[in-house]
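The values are calculated or read from the model by the stated rules, or taken from the named source; none is laboratory data. Fair warning: this is a prediction, and the values are worked out from it, not measured in the lab. Cβ placement follows ideal geometry from the backbone for every residue including glycine, while neighbour counts extend to all protein chains displayed. These accessible areas exclude ligands, DNA and RNA; they are computed on the full protein's heavy atoms, side chains included. Shrake-Rupley method; radii C 1.70, N 1.55, O 1.52, S 1.80 Å.
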Amino acid sequence: MKTNDIRAGTLGGTLCSLWASVTLGDLLQTVVMAALGTLVSYLMSRWLERRRK
């Protein structure tokens, strides 16, 4: 067996086990938290930029 085959099998098994444990609720929570973090980061950078002037 080649090393690449072992790596591909290990990666495939890992992804399959992760896929089974992730729920739609977890995915939606991650998306919402990422969007909120992006918005807060953007607003803070704009606020600090205005405050510096």
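Remarks
- Short to long, the 10 Å bins of the Cα pair-distance histogram for the chain hold 20, 22, 20, 19, 13, 5, 0 percent of all pairs.
- The phi torsions of region 36-46, fed into the Karplus equation with coefficients 6.51, -1.76 and 1.60 and a -60° offset, translate into couplings of 5, x, 5, 5, 5, 4, 5, 5, 5, 5, 5 Hz, rounded to whole numbers, with Gly and Pro shown as x.
- When +1 charges are put on Lys and Arg Cβ atoms and -1 charges on Asp and Glu Cβ atoms, the dipole computed for the chain relative to its Cα centre reaches about 560 debye.
- Taking the helices alone, the chain has a mean residue ellipticity at 222 nm of -32000 deg cm²/dmol, built from -39,500 (n - 2.57) per DSSP H run of at least 4 residues and averaged over all its residues.
- Furthest towards positive pole of dipole, Ser21, Ile6, Ser45, structure part the chain, Cβ charges: Ser45
- With all protein chains modelled, accessible area of Thr38 [1.4 Å, Å²]: 90 Å²
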